[in-house]
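Structure first, then comments.
The values are calculated or read from the model by the stated rules, or taken from the named source; none is laboratory data. The structure presented is a predicted model; accordingly, all values stated were derived computationally and were not measured. Ideal geometry is used to build each Cβ from the backbone, glycine not excepted, and the neighbour counts take in all protein chains shown. Remember, those area values only see protein heavy atoms, side chains included, never the ligands or the DNA or RNA. Shrake-Rupley method; radii C 1.70, N 1.55, O 1.52, S 1.80 Å.
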Amino acid sequence: MYGLPKDLSLEFLPGQTLTQIGIGMHDIGLYFHEGVSIMVTSRISCVGSDGTEREYDHEYDDFFRAVPNLTAFLNHLLVFLNQTIAKAEGSEDGTLRLTFDTGETLTIYDDSAEYESYTIRHGE
């Protein structure tokens with residue numbers, strides 16, 4: 001767990017629209033406009049505008065054993081496609097919370113002691 005710096009600016013995230021979701025062997029990729037992407041290798045949860053929460057938690061080497069859970073989670077995750085981030089919040093414990101203009105929230109947790117739980121790329 002690396003956490004996030006207190007002075008980290010996430011100003012570039014609001015206004016970004018999710019255009020693609022990629023599924024890899026050990027990660028989920030979220031791709032936005034303007035070269036912004038987030039690669040996730042940790043626990044991730046979605047809260048719908050109706051308050052329903054879906055969570056996907058996998059161990060680093062156990063990604064595809066959870067395919068039935070992953071499939072249900074991905075169905076929920078797909079509602080974020082073509083949605084725009086309205087608010088981005090990061091906490092010192094490394095939790096990243098993205099609230100979309102639809103009122104739905106995507107939370108990414110920093111829960112790996114051995115690896116980076118997620119990486120954010122902004123342009124070059």
Condition met for His26 (modelled with pLDDT under 85 and assigned to a loop (DSSP other than H, G, I, E, B)): yes
Count of segment 58-84 residues which are at pLDDT 65 or above, open to solvent by 90 Å² or more (accessible area, probe 1.4 Å) and not in a helix (DSSP H, G or I): 1
Segment 34-43, residues that are in contact with a Ser or Thr (Cβ under 9 Å, 6 or more places away or on another chain) and either at pLDDT 90 or above or open to solvent by less than 10 Å² (accessible area, probe 1.4 Å) (or both): Ser37, Ile38, Met39, Val40, Ser42
Total residues in segment 44-54, condition over 25 Å from Ser112 (Cα atoms) and open to solvent by 10 Å² or more (accessible area, probe 1.4 Å): 4
Residues (open to solvent by less than 50 Å² (accessible area, probe 1.4 Å) and either of a type in the set (D, E, K, R) or touching a Cys at 6+ places or on another chain (Cβ under 8 Å) (or both)) located in segment 1-33: Asp27
